[in-house]
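**Student:** Please read through the structure below; I'll follow up with questions.
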Amino acid sequence: MDEENEKLGTRNSELGTSGLARDIEAVLFISPEPVSLRTLSEVTGAEGRELEEAIEALRQKLSPENGGIIFTEVAGGFTFRTSDSARAAVERFCARPPDYSLSPAAMETLAIIAYLQPVTRPEIARIRGVGADTVVNTLADKGLLMEAGRSSETGAIRYRTTPVFEKLFGLSGLEALPPIEGFEATPADVEELREKLHQAAGRRQ
């Protein structure tokens, strides 16, 4: 029996850094919810003892004694959680004030949304000339943007600024935004932006 346990331990150790256990670890990392054994079997193609051994290897690898991330079983599935021993540090991190520092690309995107809202990602991308997905996600995560329905033409999600945006930039409301002419743009750009702004204002009424 001891020899069998030793072999299993060796096999689990190997799986803990590669192979099936690696795949399971990646799936659990990206999943916001616990993942059931059935789902793990479907996405990895493994089942039975092979799957159980990989899960056990991951459980040993991510045990409370080995680090700050714990492999745990909850709500009928498997997931990660932070170690109790790291709770104080995690709580201090979560209590830190939000970081509202913005890159030039984020500032440019935020300005477009502020003046043209509600506006979709494809519309933002056409104006900027580059994709807007990552920047919009960043602004939404910071609480500066919120969803505002969908385009009746394309079904794409529209975005608008939030009260957090107005507070951060010291605005009493969207009407307090600086004139569009204050930005470096051609007269044609200004006219296009102004027209879209009027259209957006009309949709809100």
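**Student:** How many nm separate the modelled label positions at Arg92 and Arg126, each set 7 Å beyond the Cα in the direction of the Cβ?
**Tutor:** It works out to 5.0 nm between the two label points.
**Student:** If we sort 118-124, 26-32 on the protection proxy, mean other Cβ atoms within 10 Å, highest first, what's the order?
**Tutor:** 118-124, 26-32
**Student:** Can you pull the one-decimal nm distance between simple spin-label points at Ser63 and Asp84, each 7 Å off the Cα toward Cβ?
**Tutor:** Distance between the two pseudo-spin positions: 1.6 nm.
**Student:** Under 5 Å between amide H atoms, partner at least 5 residues away or on a different chain: which partners does Arg158 have, H built in plane at 1.01 Å?
**Tutor:** Residues meeting the amide H criterion: Ala148, Gly149, Arg150, Ser151.
**Student:** Expected output is a single nm value to one decimal: the length gained when fully extending between Glu47 and Asp141, i.e. 0.36 nm times separation in residues minus the C-alpha distance. What is it?
**Tutor:** 30.1 nm
**Student:** Let me ask something else. Can you list the residues, at least 5 places off or on another chain, whose amide H is less than 5 Å from the amide H of Ile69, using H built in the peptide plane?
**Tutor:** Residues meeting the amide H criterion: Ser83.
**Student:** For Glu153, Glu53, which order do you get if you count the other beta carbons within 10 Å of each Cβ and list the fewest first?
**Tutor:** Glu153, Glu53
Since every read-out is calculated from the coordinates, none of them should be taken as a lab result. As the structure is a computational prediction, the values presented were derived from the model and not from experiment. Here the Cβ is made from the backbone with ideal geometry for all residues, glycine too, and neighbour counts use every protein chain on show.
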